[in-house]
Amino acid sequence: MKARPPVETLSRTEAAAELADLAAEIARLDAAYYRDDAPEVTDAEYDALRARNAALEARFPDLIRADSPARRLGAAPAAGFAKRRHLQPMLSLGNVFSDAEFAEFCARVRRFLGLAEDAALIFVGEPKIDGLSISLTYEHGRLVHGATRGDGIVGEDVTANLQTLASIPPRLAGAAPALIEIRGEVFMTKADFLALNAEQAREGRKPFANPRNAAAGSLRQLDARITAGRKLSFFAYAMGEASESVAETHSGYLDRLRAFGFAVNPLSRVLAGEAQVCAFQAEMAALRAGLDYDIDGVVYKIDDLAWQRRLGFAGRDPRWAIAWKFPAERAETRLEEIRIQVGRTGALTPVAQLQPVNVGGVLVTRASLHNEDEIARKDIRIGDTVVIERAGDVIPQIIAVVLAKRPPAAAPFEFPTHCPACGSLAVRVADEVVRRCTGGLVCPAQAVERLVHFCARGAFDIEGMGEKTVAEFYADGLIRGPADIFRLAAHEAEIAAREGWGEVSARKLIAAIAARRRIPLERFIFALGIRRVGETTAKLLARHYGSFAHWRAEMQAAQMVGSEARSALGNILGIGPAIAEELVDFFAEARNRAVLDDLASLLEIEDVDAPGAASSPIAGKVMVFTGTLTTMSRAEAKARAEALGARVTDSVSRRTDYVVLGAEAGSKARRAAELGVAPLSEEEWRRLAGLEAVDARNAPRDALDNAGSDHEPAPIARTHDRKNA
Ligand code: IVH
C-alpha cells in the first residue's frame, strides 16, 4: 500500500483529492469483495483505508463527499456490526465476597492440583474495572481485528472504532508472534464521563447512566468518527489464542503486554499467599473512591501459566481466577424533596432530591423514584432518612427507608393529580404505571421537551439547540413552536446580544439551523415527537408514503373510520393499532396540522427514494402478495419489491396496482378480481422484478420452507463480513 503523509500535514486541496481517490478505491474494493467475491486486499489493508478516510473527514468535515464510504456505512445502521468469532472463547469469572469465600476458592485450587493444604499460591491481583471486554487479534504484529465479547463465542467487529483508541497499538512493538489474541477492558474515566455527560446535556442529548454505558455506547458506533471524538481508555490483561508461548507466568505476560506497547493497570501486583491477597483487597477498597475509574472488585489470577492450563475451566468460569467483589456502595441521607418532572409526552416522573452525600467518590444529590407505585410500595416520605445504593450509576436507587429515623410529622407522599408545569389534569390510563399531563400544547414543560427532541440527534440534529438554549429561548418567547426555530435568523442580533452569546455564537447557531432546512422525510416524522413514533416507525412511514404531501394527505384521509387510508395505515407491516391510533389522534388536532403546514412551508422535506428504483417498472406501485410463492419467501418478495420502489400492503384495495397470486390464494384473489386489480403470476412477478425465471423444482430448499411466512428470514451468518469494517 502507498505510504501516506500524516493527515495534519495535508492542505485542503490535497485532502479533497485524496478523499476522492479513497471513495473510488473503497467502492472498487467493495465491488470486488461483494459482487465478485474476489477480495483484492487483506482486511487489514482495507480497514486502514477506511480509517484513513475517517481521519481525513474528521479533520476536514466540510470536504465530506456525498459518496463518502463512511456514509455508505452509516446508511445501513440496521445492519449493525459484522460478527466475529473469537479464536478462543471469552469467558467470565466466578465471584467471591469475603475472606472465607476466597479461602474456599484457594482450597479448591489446591485440591484440584493435588497440593498440600498449606502450599503457597502465588496470585496476580488486578483491579476489576467495570467497562467492556474486547479481544484484539494481531497477525505478525499488526492489528487485524477487534471485537466485543458478545456471547463469548461470537462478538461484534468494532475494528475501525478500536483503531481510534490511543492506548491500542496498531502494531506491536518488538518481536511479535505470528498470531496473538489480546484481551482487555475498554472503559471511560470518571472525569471523561462527566465531561461527556455535560456535553450531552449542552447538546440536548440524553446523558449516559454510568461510565460503562458511556464506554459501550461510544464503542458501538457505526461511525468511527463518533468513537474518535470520545475519550476511551484501555487496559490489557488477558490472553486468548497465541501461535507461540510468550510467557511462563501471568505477571511475565503483563510485562510482555507493556513491552508490546499496551497500557497495563499500574496497580496490578504479584501477591504471595492469602494474607497478601487479603491485604491487597483492603488496600484497593480504600483506594476505590479516589480512583479515576469505577472498580467493582479485584480479579485474582494464579500466576503460573502451567498451573492455569492444568486448572482449566469449570463451565464458563476459569478455575484459576476469581473476582473478589466489593460490597455495593451505599450511604444514608435525607430525602429533602420529591420533584416531579414533566417529559415530552407529558409523563410525570418523580425524582428524589437528597441532602448531598458522597457515595464511592461521587457526590450524589438525586435518586430515581421511577413512578408513583414505587413510592407507595416503599412508603417513601419527604423528610425520611433513606439508604441509597450506587451500582456504578450516577443516579442511584433508593433501597430502603430507615423507619427508626422517620420524623413523626412525615406524611405519606401524595402524588400530584395535576401537572406542576401547567396545572392541567394528570391522569393514569388503565394498566399504565405513569401519570400523564393532559395539557398537550398548552403545557410549557412538554413544549420545551418536545422542542429539545425536535432539535436532537436522529431528528433535526441542530448543533447548539440543547436543553438549556431551548428552555431559555422558550421562556423569553423567542420560540414557541418548532417552526419558530427556522425564523430565528431574523433575531440573530438579538441572540448575539444575549448574555453568554456574542456575534460568533449567534452566527454559528443560525448557520446550524439553516443547514437543516433540508431534511429526509423519516427524520422529519421522527422529529415531530408523536407518541410511539420512534425512529423505526418513522422510517416505516416514510418508506411507505414516500413524500410529505402524500403522508399528510393520507393521514388526513385516515381520520375517517373505515376509510381506505385508515386500513392502509393499519396494514403497514410493523405498525400496530396503537401506533395507528396515535397518528390518527395527532392529525385530528387542528393545531398540530397548522404546525405541520407552517413547518412544511419553511423546509425542504426530501422524498424517500428507493434505491435503484427510478427505472423499475414497479416504482411507486402498490402491491399485495398472497398465497404461497414457490421460489422465494413472502418476506423476500416484499423486500425485493420495496427495494424496487414499490409499496407492499397486506390487503387489496382500490389503490392496489398489482396482486401477485401464489398457490392457494384465497379471499384476496377474489377481492382483486372484484376490484379489477391486475393479477400477476409468480413468473410475471419475477420478470417484473428483473429476476430470472426459476423452475420451482430447483428452488432453494429454505425458500420453500419460508414460503407464505411474513417473518424475515434469519440473516445468513458470514465470517468475513466487511459491511461494518
Ligand atoms: S480476566 C477468563 N481480568 O470482568 C478470564 N477480567 O466477570 C476472563 N474484567 O468480562 C477475564 N477487569 O470484562 C479479567 N483484570 C481483569 C478484569 C476483567 C475487568 C471484566 C471483564 C470480564 C469480566 C468477567
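The values are calculated or read from the model by the stated rules, or taken from the named source; none is laboratory data. Every value quoted in this text rests on a predicted model; they were computed, and no experiment measured them. A quick note on method: Cβ atoms are made from the backbone with ideal geometry, for glycine too, and the neighbour counts reach across all protein chains shown. Quick note on the areas: whole protein, heavy atoms, side chains included, nothing else; ligands and nucleic acids left out. Shrake-Rupley method; radii C 1.70, N 1.55, O 1.52, S 1.80 Å.
Residues that are open to solvent by 20 Å² or more (accessible area, probe 1.4 Å) and aliphatic (A, V, I, L, M) within region 302-330 comprise 306, 314, 328, listed in sequence order. Within the set 225, 183, the sole residue that is among the basic types (Lys, Arg) and open to solvent by 50 Å² or more (accessible area, probe 1.4 Å) turns out to be 225. Residues that are part of a strand (DSSP E or B) and more than 16 Å from the ligand (Cβ to nearest atom) occur at least once in region 263-279.
Which residue out of 444, 412, 396 is farther than 27 Å from residue 475 by Cβ, of a type outside the set (S, T, N, Q) and open to solvent by 40 Å² or more (accessible area, probe 1.4 Å)? Break it down stepwise before answering.
Values: 444 fails: farther than 27 Å from residue 475 by Cβ; 396 fails: open to solvent by 40 Å² or more (accessible area, probe 1.4 Å).
Within the list 444, 412, 396, the selection yields 412.
Every listed requirement among (1) within 16 Å of the ligand (Cβ to nearest atom); (2) open to solvent by less than 50 Å² (accessible area, probe 1.4 Å); (3) hydroxyl-bearing (Ser, Thr, Tyr) is met by residue 237 save one, (2). Scanning region 21-54 for residues that are in a helix (DSSP H, G or I), over 26 Å from the mean Cα position of the chain (by Cα) and modelled with pLDDT under 75 yields 31, 32, 33, 34, 35. Test residue 338 against the stated conditions and say whether it is touching a Leu at 6+ places or on another chain (Cβ under 8 Å), of a type in the set (Val, Ile, Thr), open to solvent by less than 30 Å² (accessible area, probe 1.4 Å) and within 18 Å of residue 296 (Cα to Cα). When the stated conditions are applied, residue 338 does not pass them.
Return the pair list, or none, for Cβ contacts closer than 6 Å from residues in region 102-125 that are touching a residue at least 24 places away in the same chain (Cβ under 8 Å) and within 16 Å of residue 303 (Cα to Cα) to residues that are surrounded by 19 or more Cβ atoms within 10 Å (Cβ to Cβ) and among the basic types (Lys, Arg), at least 6 apart or on different chains. Between residues of region 102-125 that are touching a residue at least 24 places away in the same chain (Cβ under 8 Å) and within 16 Å of residue 303 (Cα to Cα) and residues that are surrounded by 19 or more Cβ atoms within 10 Å (Cβ to Cβ) and among the basic types (Lys, Arg), the close pairs are 124/301. Taken over region 188-200, the criterion of being open to solvent by 10 Å² or more (accessible area, probe 1.4 Å) and either of a type in the set (Asp, Glu) or not in a helix (DSSP H, G or I) (or both) is satisfied by 189, 192, 199. When residue 251 is tested against (1) modelled with pLDDT under 95; (2) within 16 Å of the ligand (Cβ to nearest atom), just one condition goes unmet, and that condition is (1). Taking the criterion of being over 21 Å from the mean Cα position of the chain (by Cα), at pLDDT below 95 and within 16 Å of the ligand (Cβ to nearest atom), would at least one residue in region 142-152 satisfy it? No: region 142-152 contains no residue that is over 21 Å from the mean Cα position of the chain (by Cα), at pLDDT below 95 and within 16 Å of the ligand (Cβ to nearest atom). Reported count of residues in region 128-147, each being in contact with an Asp or Glu (Cβ under 8 Å, 6 or more places away or on another chain) and open to solvent by 10 Å² or more (accessible area, probe 1.4 Å), is 8.
Would you check if residue 292 is open to solvent by 10 Å² or more (accessible area, probe 1.4 Å), under 29 Å from the mean Cα position of the chain (by Cα), under 18 Å from residue 94 (Cα atoms) and of a type in the set (Asp, Glu)? Working first, answer last.
Details: open to solvent by 10 Å² or more (accessible area, probe 1.4 Å): yes; under 29 Å from the mean Cα position of the chain (by Cα): yes; under 18 Å from residue 94 (Cα atoms): no; of a type in the set (Asp, Glu): yes.
Judged against the criteria, residue 292 is not a match.
Elements of the type helices (runs of 4 or more DSSP H) sitting completely within region 481-547 and holding at least 1 residues that are crowded, with 20+ Cβ neighbours inside 10 Å and in contact (Cβ under 8 Å) with a residue 24 or more places away in the chain: these cover 482-485, 503-514, 521-527, 535-545.
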